[in-house]
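See structure below.
The values are calculated or read from the model by the stated rules, or taken from the named source; none is laboratory data. Since the model is a prediction, treat every value here as computed from it, not as a measurement. Quick reminder, even Gly has a Cβ in these numbers, built from the backbone with ideal geometry, and neighbours come from all protein chains shown. Surface areas here come from the heavy atoms of the whole protein model, side chains and all, with no ligands, DNA or RNA. Shrake-Rupley method; radii C 1.70, N 1.55, O 1.52, S 1.80 Å.
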Amino acid sequence: MAGDGELKLLGMWASPYVTRAKLALQIKGQSYEYVEEDLGNKSELLLSSNPVHKAVPVLIHDGKPVCESSVVVQYIDEAFAGAGPSLLPADPYERAVARFWAAYLEDKLVAPWMRLFRVKTDEEMAEVMRQMIAAADALEGGLKQCSEGKGPFFGGESVGYVDVLLGGMISWVKATEVFTGAKIIDAAKMPLLAAWMERFCELDAARAVLQDVGALVETEYARAVQARFAAAAPNN
């Protein structure tokens, strides 16, 4: 069976991409060995398992590496199809809709968020935040389309593929709101998405793997952005 074999996950605690893999494994009820990587001194196992990007997460299943978080999540769903809920719908159209919103999430929310840590001007920072908030607003409609009113998640009554991809970002979304002072998911403007985030955080899988927001705020990445926002703030 595809689901047989030893599982090992190479990751780094603060990575939202690694969190996606952890969430999928938790939801599917799979035991695995977790290996924390020092990305400043990458292991030979990581370099040999992901020679193209040399990045985490890498899921090693029975000695075979699977790379890239969205690919890893889909692999877990397929390799352990008989365990836990299916993350991708069985219906081809519904599956296509889920993949559309997954791609939108990566392109319009995650990509700008990554740029937030590299911006050099106040104007760039403001534009990145504008893009992220606009993407979150669009995902409000995506949640309504994917769930079809059947439940609180993108997957309807149970967690689905888009839930896992966005769910992996939750702690960083909250941390970003803390160190920027800007609300990305505003309950007044995005009630469905705000309610989704609360429900997702209550899941056993989420409680088990989501990072502590305070710890993320104290990372060097967050501190650097926080310093830029403080410098850009008008003096009273």
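Computed quantities for the displayed model
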{"read-out": "Scan of segment 173-231 for residues that are farther than 30 Å from residue 30 by Cα and of a type in the set (S, T, N, Q), ordered by number", "value": "176, 180, 226"}
{"read-out": "Filter result for residue 6 (at negative phi, of a type in the set (Asp, Glu) and modelled with pLDDT of 95 or more)", "value": "no"}
{"read-out": "Yes/no for residue 108 being under 30 Å from residue 220 (Cβ atoms) and outside the structural domain of residue 156 (by the TED database)", "value": "no"}
{"read-out": "Unmet criterion (only one of (1) in contact with a helix residue (DSSP H, G or I) (Cβ under 6 Å, 6 or more places away or on another chain); (2) part of a loop (DSSP other than H, G, I, E, B)) for residue 143", "value": "(2)"}
{"read-out": "Every residue from segment 165-217 that is more than 12 Å from the chain's Cα centre (by Cα), among the small types (Gly, Ala, Ser) and closer than 23 Å to residue 74 by Cβ", "value": "205, 208"}
{"read-out": "Cross-chain or 6+ apart pairs with Cβ under 7 Å, segment 178-203 first and under 26 Å from residue 219 (Cα atoms), then open to solvent by 50 Å² or more (accessible area, probe 1.4 Å)", "value": "179/226; 184/133; 194/187"}
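Yes/no matrix, rows are residues, columns are (1) in contact with a helix residue (DSSP H, G or I) (Cβ under 6 Å, 6 or more places away or on another chain); (2) closer than 22 Å to residue 17 by Cβ; (3) crowded, with 21+ Cβ neighbours inside 10 Å:
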| residue | (1), (2), (3) |
| --- | --- |
| 149 | no, no, no |
| 156 | yes, no, no |
| 168 | yes, yes, yes |
| 172 | yes, yes, yes |
| 179 | yes, yes, yes |
| 182 | yes, no, no |
| 201 | no, yes, no |
| 221 | no, yes, no |
| 224 | no, yes, no |
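Here's the yes/no breakdown for (1) under 21 Å from residue 154 (Cβ atoms); (2) open to solvent by less than 60 Å² (accessible area, probe 1.4 Å); (3) touching a residue at least 60 places away in the same chain (Cβ under 8 Å); (4) not aliphatic (A, V, I, L, M):
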{"site": "56", "(1), (2), (3), (4)": "no, yes, no, no"}
{"site": "72", "(1), (2), (3), (4)": "yes, yes, no, no"}
{"site": "77", "(1), (2), (3), (4)": "yes, yes, yes, yes"}
{"site": "90", "(1), (2), (3), (4)": "yes, no, no, no"}
{"site": "109", "(1), (2), (3), (4)": "yes, yes, yes, no"}
{"site": "125", "(1), (2), (3), (4)": "no, yes, yes, no"}
